[in-house]
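Right, one structure below, let's go through it.
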Amino acid sequence: MQRPKPMTDHDVDSEASHSALQQVAADFAGTVPNLYRTLDRHPLSLEAFVQLEHLLERHGRLPPDEQALVVLEVAVYNACIYCQGVFSKEAARAGVDNQTIAEVVAGRLPGQLRYRYLLEATRRIMELRGCLGRAEVGLFEERGVSHEDLLEIITIISTFTLATYANNLLHTRVDPEYR
């Protein structure tokens, strides 16, 4: 009787990758957007991204429209054409009006105060790599952007910087539905 071969790191990576892509396909009506195919070149990156994305969607403090705008701001900041197209559509699906989306894509802050404050915080965190002074953190808190919100913004920045950098590095082709 032959013993089964022990699993190698490659086998574990392939198994995790397959599972993550199945989860993505279920979320996107049977298709896998090119972003996930790009990340699948390194299964750990794919799995980390998918897990963080799902945690944010399911358990995030910020509602979907606010999360979508923060993600779009990360895409604009990192000059990711792929993500700008995808997350403009995601923001619209989450209920963000077209004018607000256009303002963010153009690098302007939106008129709605809650969105404006969230995106100001996002920009400052990215520009200063999280090194905001206590006074500035206090100002955001006065404007309704709590410490918890700021930490969630950092989580979104971290998660979607992975996506934007991967797309920029590997020149991910924009899926037809996001053009």
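The values are calculated or read from the model by the stated rules, or taken from the named source; none is laboratory data. Everything numeric here is computed off the predicted structure, so don't read it as measured data. Neighbour counts are summed over all protein chains in view; Cβ atoms, including those assigned to glycine, are modelled from backbone coordinates with ideal geometry.
Candidates 86, 76: the one that is of a type outside the set (Lys, Arg) and either surrounded by fewer than 20 Cβ atoms within 10 Å (Cβ to Cβ) or modelled with pLDDT of 95 or more (or both) is 76.
The sole residue among 51, 67 that is under 22 Å from residue 152 (Cβ atoms) and buried (at least 18 other Cβ atoms within 10 Å of the Cβ) is 67. Among helices (runs of 4 or more DSSP H) entirely within segment 82-179, having at least 2 residues that are within 14 Å of residue 68 (Cβ to Cβ) singles out 98-105, 113-127, 147-170. Comparison of 56, 46, 35, 118 shows that the only residue that is surrounded by 17 or more Cβ atoms within 10 Å (Cβ to Cβ) and in contact with a Cys (Cβ under 8 Å, 6 or more places away or on another chain) is 35. In segment 144-179, of all residues being charged (D, E, K, R) and exposed (fewer than 15 other Cβ atoms within 10 Å of the Cβ), the one that is nearest to residue 53 (Cα to Cα) corresponds to 148.
Among the residues making up segment 24-45, those that are under 16 Å from the mean Cα position of the chain (by Cα) and part of a helix (DSSP H, G or I) are 24, 27, 34, 35, 36, 37, 38, 39, 45. Of the numbered criteria (1) of a type in the set (Gly, Ala, Ser); (2) loosely packed, with under 15 Cβ neighbours inside 10 Å; (3) within 23 Å of residue 175 (Cβ to Cβ), the one residue 111 fails is (3).
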